[in-house]
Amino acid sequence: MEKKETQRDQWGSRFGFILAAIGSAVGLGNIWRFPYMAYENGGGAFLVPYFFALLTAGIPLLVLEMGLGHKMRGSAPLSFRKIKEKYETLGWWTVLITFVVTVYYSVIIAWAVSFVFFAFKQSWGAKPDEFFFGEYLKMTNFWKIGGIRFNVLASLALVWGLNYLILFKGIKEGIEKASKIFMPLLAVLVVLITVRGITLPGAIEGINHFLEPDFSVLKDPSVWVSAYGQVFFTLSLGFGIMIAYASYLPKKSDVVNNAFITAFGNSGFSFLAGIAIFGVLGYMAQSQGVAFKEVVTSGIGLAFIAFPKAINLLPGFNGLFGALFFLCLVVSGLSSTISLIESFSSSIMDKFQMTRKKAVTIVCGLGFLGSAIFATGMGLVILDVVDHFLNNYGLAVVGLVECILLGYFWGLPNIKKHVNGISDFKVGVWWNIAIKSVTIPILTIMLAFKFKAEV
Ligand code: PHE
Ligand code: NA
């Protein structure tokens, strides 16, 4: 047993860990979810519930997950098991959900890979919606760009292949090295896209829609619920990721500080992405002479239909701009998928004493097969349903059970003592209050809201 402990893989530096944690956090949620959510929920005024949720639930839970993984030196199932044997089940539920999320998240990243290539010559033609649903998703259709022949499956194989190569190499040589390339690249990409976004005619108009505050929405409880939902998703909480990542930190690590840096780095990225996207949408509305609400969307519709339309219209170097936009989706997505896969495969390694190489090979093989089912037009329907349930329930249920277990049955004080023993910046009573009196009630309300919307 002793020997196993010392053999656990480790981050090479604190900086590497933070980059990887921000890499997990920053993803599609920042690019295609946050800006729209702000637009729908009071524009700039949304920042009030958003930051409130970040401070009262996001960061406390980040400290909780990181503290747990670091103290127990294990993935989610092992960490929960070390608290009490029967809690292990919760860990497995968590990482199973995580695996399902990985399977479809990778599909979206694969689409974005194809669209990097399509962007240069706008291969999607004049009707991007017909192109995406009608032509692109058919596995029998191939494209040849720059001498490379590919289709949706080839892109998928590329995404899973990259995931595999990175994870196969382990924490320091794999995830950390990749993060040191991905995250600076992502910073450059988002700045380039933002600069282009704000300099387009009509951009200011669009950005106003993103930021113009309507404080009257603060009276609406659903706005607050949305803010909490966004914060949990964007910080990758309730997926066992931060538990696994922190289990690879050296014994002496400032967990609290790391949590704050991760949270604020992630928010900064969301903010820039919002400006870039709404700038482009503002341009689109103006150049087509339509109302802003006609052009604004989120999710798959934004990335694979509205954006291609906008790219068709852009003046000068539009192909390059388009490629950079999709590359931004790809890089932010890959840094999230590696964290998702690590959460699941580290659980298997811990449980079955399996080597990393074996675990990663099995997980990536199964993951690729699963993704292949989602990747086609038919899978799109399943993807929608899965996405709906996971986003609305999976995360909230896991988060809630996690908080109750740790909050009431086994010691918040234990984790607090642990993190305060190793952190310069210490958590105080506010932390216990945040988890017990804010996060638990809010998650309960969130679930009730969602459930009510369902029936
Ligand atoms: N945090 C990511 C995002 O905002 C999504 C994600 C959730 C990634 C869970 C990994 C795990 O897009
Ligand atoms: Na995020």
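So the check is Cβ under 9 Å with 6+ separation or different chains; which pairs have a first residue in the stretch 97-112 that's more than 18 Å from T376 (Cβ to Cβ) and within 16 Å of ligand 2 (Cβ to nearest atom) and a second one that's of a type in the set (V, I, T) and at pLDDT below 90? Correct list of pairs: V101/V386. All conditions in (1) over 23 Å from S343 (Cα atoms); (2) within 16 Å of ligand 1 (Cβ to nearest atom); (3) at pLDDT 95 or above hold for I109, with the sole exception of (1). When S267, S253 are checked against the criterion of being surrounded by fewer than 24 Cβ atoms within 10 Å (Cβ to Cβ) and modelled with pLDDT under 95, a single residue qualifies: S253. Check L329 against each of (1) of a type outside the set (D, E); (2) under 24 Å from A126 (Cβ atoms); (3) more than 21 Å from the chain's Cα centre (by Cα); (4) assigned to a helix (DSSP H, G or I) and name the one condition it does not meet. In the conditions (1) of a type outside the set (D, E); (2) under 24 Å from A126 (Cβ atoms); (3) more than 21 Å from the chain's Cα centre (by Cα); (4) assigned to a helix (DSSP H, G or I), L329 misses (3) alone. I'd like to check something: does the stretch 244-257 contain any residue that is touching a Ser or Thr at 6+ places or on another chain (Cβ under 9 Å), outside any helix (DSSP H, G or I) and within 16 Å of ligand 2 (Cβ to nearest atom)? The answer is no; no qualifying residue exists. Within the stretch 213-222, restricting attention to residues that are in contact (Cβ under 8 Å) with a residue 40 or more places away in the chain and either polar (S, T, N, Q) or part of a helix (DSSP H, G or I) (or both), which residue is surrounded by the fewest Cβ atoms within 10 Å (Cβ to Cβ)? Among those that are in contact (Cβ under 8 Å) with a residue 40 or more places away in the chain and either polar (S, T, N, Q) or part of a helix (DSSP H, G or I) (or both), it is S216. Kindly check whether there is at least one residue in the stretch 20-43 that is modelled with pLDDT of 95 or more and over 21 Å from the mean Cα position of the chain (by Cα). Yes, that holds for at least one residue.
Only one of the listed residues (V225, V280, V195, V191) is under 19 Å from V48 (Cβ atoms) and outside any loop (DSSP other than H, G, I, E, B). That residue is V225. The residues on offer are F210, F239, and the sole one that is within 16 Å of ligand 2 (Cβ to nearest atom), under 28 Å from L62 (Cα atoms) and surrounded by 18 or more Cβ atoms within 10 Å (Cβ to Cβ) is F239. Restricting G69, G29 to those that are buried (at least 21 other Cβ atoms within 10 Å of the Cβ) and away from ligand 2 (no atom under 16 Å from the Cβ) reduces the list to G69.
Just one of the numbered conditions (1) under 15 Å from Y36 (Cβ atoms); (2) among the aliphatic types (A, V, I, L, M); (3) modelled with pLDDT under 95 is not true of A276: (3). From the list S123, S179, S155, the one residue that fits, being among the polar types (S, T, N, Q) and within 16 Å of ligand 2 (Cβ to nearest atom), is S179.
Does L340 satisfy the condition of being over 30 Å from L90 (Cβ atoms) and either in contact with a Ser or Thr (Cβ under 9 Å, 6 or more places away or on another chain) or at pLDDT 95 or above (or both)? For L340, the condition - over 30 Å from L90 (Cβ atoms) and either in contact with a Ser or Thr (Cβ under 9 Å, 6 or more places away or on another chain) or at pLDDT 95 or above (or both) - is not met. Can you work out which of the residues in the stretch 284-323 that are among the aromatic types (F, W, Y) and farther than 16 Å from W111 by Cβ is surrounded by the most Cβ atoms within 10 Å (Cβ to Cβ)? For the stretch 284-323, the residue satisfying everything is F321.
Picking from residues in the stretch 362-421 that are among the small types (G, A, S) and free of Cβ contacts under 8 Å to residues at least 24 places away in the same chain, the one that is farthest from V438 (Cα to Cα) is G365.
Listed by position, the helices (runs of 4 or more DSSP H) contained in the stretch 373-455 that have at least 1 residues being of a type in the set (G, A, S) are 377-389, 395-404, 412-422, 440-454. Restricting V101, V48 to those that are within 14 Å of ligand 1 (Cβ to nearest atom) and surrounded by fewer than 24 Cβ atoms within 10 Å (Cβ to Cβ) reduces the list to V101. Are any residues in the stretch 276-292 under 26 Å from the mean Cα position of the chain (by Cα) and either free of Cβ contacts under 8 Å to residues at least 24 places away in the same chain or away from ligand 2 (no atom under 16 Å from the Cβ) (or both), and if so, which ones? If the condition is that a residue be under 26 Å from the mean Cα position of the chain (by Cα) and either free of Cβ contacts under 8 Å to residues at least 24 places away in the same chain or away from ligand 2 (no atom under 16 Å from the Cβ) (or both), then F278, G279, V280, L281, G282 are the ones that fit. When the stretch 396-455 is filtered for residues that are among the acidic types (D, E) and surrounded by 13 or more Cβ atoms within 10 Å (Cβ to Cβ), only E402 remains. Does I422 count as of a type outside the set (F, W, Y) and modelled with pLDDT of 90 or more? Yes: the conditions hold for I422.
Among the residues making up the stretch 33-44, those that are within 16 Å of ligand 2 (Cβ to nearest atom), farther than 19 Å from P221 by Cβ and surrounded by fewer than 24 Cβ atoms within 10 Å (Cβ to Cβ) are R33, Y36.
Is it fair to say V231 is part of a helix (DSSP H, G or I), in contact (Cβ under 8 Å) with a residue 24 or more places away in the chain and over 15 Å from the mean Cα position of the chain (by Cα)? Spelling it out, it is not the case that V231 is part of a helix (DSSP H, G or I), in contact (Cβ under 8 Å) with a residue 24 or more places away in the chain and over 15 Å from the mean Cα position of the chain (by Cα).
Scanning the stretch 189-207 for residues that are within 16 Å of ligand 2 (Cβ to nearest atom) and over 17 Å from the mean Cα position of the chain (by Cα) yields a single hit, L189.
The values are calculated or read from the model by the stated rules, or taken from the named source; none is laboratory data. Keep in mind it's a predicted model, so treat the numbers as computed, not measured. Don't worry about glycine lacking a Cβ; one is built from the backbone with ideal geometry, like all the others, and counts go over all protein chains shown.
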